[in-house]
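Undergrad: I am attaching a structure below and will ask some questions about it afterwards.
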Amino acid sequence: MAIDKFLVEASHIMMFARSVGDANPIYHDEEYAKKTDVGGIIAPPTFAQSSAQFDPNYFLRPKIGGEGWFGSGKEASGAKPSSSSGESGGGGAAMGLHAEQHFEYHLPVKAGDVLSATTKPGNTWEKESKRAGKLKFSESVTEYRNQDGDLVITATGVGVQTERAVDS
Amino acid sequence: MLKESEIKIGDTHTATLVEDLKRTQIVQYAGASGDYNPLHTDEIFTTQVAGYPSVFAHGMLSMGLTGTMLTNYVGDGALTKYGVRFTNQVWPGDTLTSTATIIDIREQDGERVVDLQIETTNQNDIAVITGNATAKIES
């Protein structure tokens with residue numbers, strides 16, 4: 001995954017904060033945010049995950065133009081997804097799940113920033129589990145840089161492909 | 001920001017993250033994050049094709065909810081590190097509670113920081129997230 005332009009916008013921060021149940025005015029009230037130490041609206045700690053919105057090939061978003069989508073329509077499943085961008089985020093397709101996520105914060109991310117991101121594969125390993133059969137883990141490391149080229153966040157995601165649906 | 005004079009190792013902060021998680025909140029997170037995996041929003045696909053009992057929350061929704069507890073405790077812009085393992089799935093109807101425990105107070109790059117251990121559990125007291133964070137504090 002490579003993202004050229006991840007526009008960090010105040011309205012997106014507001015919607016993201018709402019979705020994680022965060023009413024902190026630092027995420028939606030500019031007047032309030034200006035008077036704080038950070039000096040403006042900032043992004044919540046897991047906001048970098050929404051860079052998926054700016055990945056043109058993100059495989060967990062239905063594409064405009066009828067490329068097919070594996071969610072239900074008339075039938076319980078549509079077409080298989082194209083897996084052209086399988087490294088993003090660390091979520092997964094039908095049987096892929098997110099196992100771990102780690103963020104290192106180097107500089108604050110503020111509304112108005114324009115980030116770019118590059119992802120490199122990390123380690124891979126396998127494990128047997130009683131609840132889901134053979135597990136295949138794979139790590140991906142994403143570096144987010146701001147408009148000045150400074151590293152702002154290092155994100156390490158671990159995805160897992162399970163042999164079958166996880167018993168709960 | 002936490003003040004060093006007001007905290008000690010072993011201190012905890014607990015918050016209820018969500019009560020009776022609604023499918024709509026999962027949809028809300030899908031829309032905001034851009035992760036539209038039908039496992040989280042499409043009950044028909046998830047039960048009939050993927051073989052799960054219902055849709056379930058994005059791991060990152062659980063991490064985001066837990067992050068709300070964390071920043072409410074340590075303050076805005078204070079985190080230097082936040083990492084989790086997703087140990088169990090979170091389902092619609094779940095009620096989540098999260099606790100951060102101070103495990104160390106130390107120096108890092110010339111600044112004072114706390115290390116926190118994090119655990120988020122569901123209504124059956126099963127951990128759905130375990131993790132760690134580091135945050136700057138006022139000396």
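Undergrad: Identify, by number, the condition in (1) facing another protein chain (nearest Cβ under 7 Å); (2) not in a loop (DSSP other than H, G, I, E, B) that B:Y36 doesn't meet.
TA: That leaves (2) as the condition not met.
Undergrad: May I pose another question? Considering the stretch A:85-108 alone, what residues qualify as being among the polar types (S, T, N, Q) and either modelled with pLDDT under 50 or not in a strand (DSSP E or B) (or both)?
TA: Across the stretch A:85-108, the qualifying residues are A:S85, A:S88.
Undergrad: Determine if the stretch B:100-117 includes at least one residue that is under 15 Å from B:L65 (Cα atoms), without any contact (Cβ under 8 Å) to a residue 60 or more places away in the chain and open to solvent by less than 60 Å² (accessible area, probe 1.4 Å).
TA: Within the stretch B:100-117, none of the residues are under 15 Å from B:L65 (Cα atoms), without any contact (Cβ under 8 Å) to a residue 60 or more places away in the chain and open to solvent by less than 60 Å² (accessible area, probe 1.4 Å).
Undergrad: If only one of A:D29, A:D22, A:D37 is facing another protein chain (nearest Cβ under 9 Å), more than 16 Å from B:Y36 (Cα to Cα) and open to solvent by 50 Å² or more (accessible area, probe 1.4 Å), which one is it?
TA: After ruling out the rest, the residue left standing is A:D37.
Undergrad: Using the structure shown, decide if B:V55 is over 30 Å from A:I64 (Cα atoms), surrounded by 17 or more Cβ atoms within 10 Å (Cβ to Cβ) and more than 8 Å from chain A (Cβ to nearest Cβ).
TA: For B:V55, the condition - over 30 Å from A:I64 (Cα atoms), surrounded by 17 or more Cβ atoms within 10 Å (Cβ to Cβ) and more than 8 Å from chain A (Cβ to nearest Cβ) - is not met.
Undergrad: Here is a follow-up. Looking at B:L116, is it touching a helix residue (DSSP H, G or I) at 6+ places or on another chain (Cβ under 8 Å) and not polar (S, T, N, Q)?
TA: The answer is yes for B:L116.
Undergrad: Starting from residues that are hydrophobic (A, V, I, L, M, F, W, C), in a helix (DSSP H, G or I) and at the interface with chain A (Cβ under 7 Å from one of its Cβ atoms), keep the ones in the stretch B:39-52 and report whichever is most open to solvent (accessible area, probe 1.4 Å).
TA: If we take residues in the stretch B:39-52 being hydrophobic (A, V, I, L, M, F, W, C), in a helix (DSSP H, G or I) and at the interface with chain A (Cβ under 7 Å from one of its Cβ atoms), then B:I44 is most open to solvent (accessible area, probe 1.4 Å).
Undergrad: How about the stretch B:19-33: which of its residues are in a helix (DSSP H, G or I) and either under 16 Å from the mean Cα position of the chain (by Cα) or charged (D, E, K, R) (or both)?
TA: Scanning the stretch B:19-33 gives B:R23, B:Q25, B:I26, B:Y29, B:S33.
Undergrad: Suppose we keep only residues that are more than 7 Å from chain A (Cβ to nearest Cβ) and in a loop (DSSP other than H, G, I, E, B) within the stretch B:68-87. Which one would you say is most open to solvent (accessible area, probe 1.4 Å)?
TA: The residue in question is B:T87.
Undergrad: Here's a follow-up. Residue by residue through the stretch A:109-138, note down the ones that are outside any strand (DSSP E or B) and among the basic types (K, R).
TA: Correct list: A:K130, A:R131.
Undergrad: Next question. Any residue in the stretch B:127-138 that's closer than 18 Å to B:E107 by Cβ: show its pairings with residues that are open to solvent by less than 40 Å² (accessible area, probe 1.4 Å) and of a type in the set (G, A, S) at Cβ separation under 8 Å, as long as the two are six or more apart or on different chains.
TA: Note: pairs meeting the criteria are B:N132/B:G83; B:A133/B:G83; B:A133/B:A100; B:A135/B:G75; B:A135/B:A78; B:K136/B:A78; B:I137/B:A78.
Undergrad: When you scan the stretch A:138-165, how many residues do you find that are over 26 Å from A:K5 (Cβ atoms), touching a Ser or Thr at 6+ places or on another chain (Cβ under 9 Å) and open to solvent by 30 Å² or more (accessible area, probe 1.4 Å)?
TA: Number of matching residues: 3.
Undergrad: Among the residues that make up the stretch A:121-130, is at least one of them surrounded by 16 or more Cβ atoms within 10 Å (Cβ to Cβ) and of a type outside the set (A, V, I, L, M, F, W, C)?
TA: no
The values are calculated or read from the model by the stated rules, or taken from the named source; none is laboratory data. Because the structure is predicted, anything quoted here is derived from the model rather than measured. Using ideal geometry, Cβ is built from the backbone for each residue, glycine included, and neighbour counts are taken over all protein chains shown. These area figures cover heavy atoms from the full protein model, side chains too; ligands, DNA and RNA do not enter into them. Shrake-Rupley method; radii C 1.70, N 1.55, O 1.52, S 1.80 Å.
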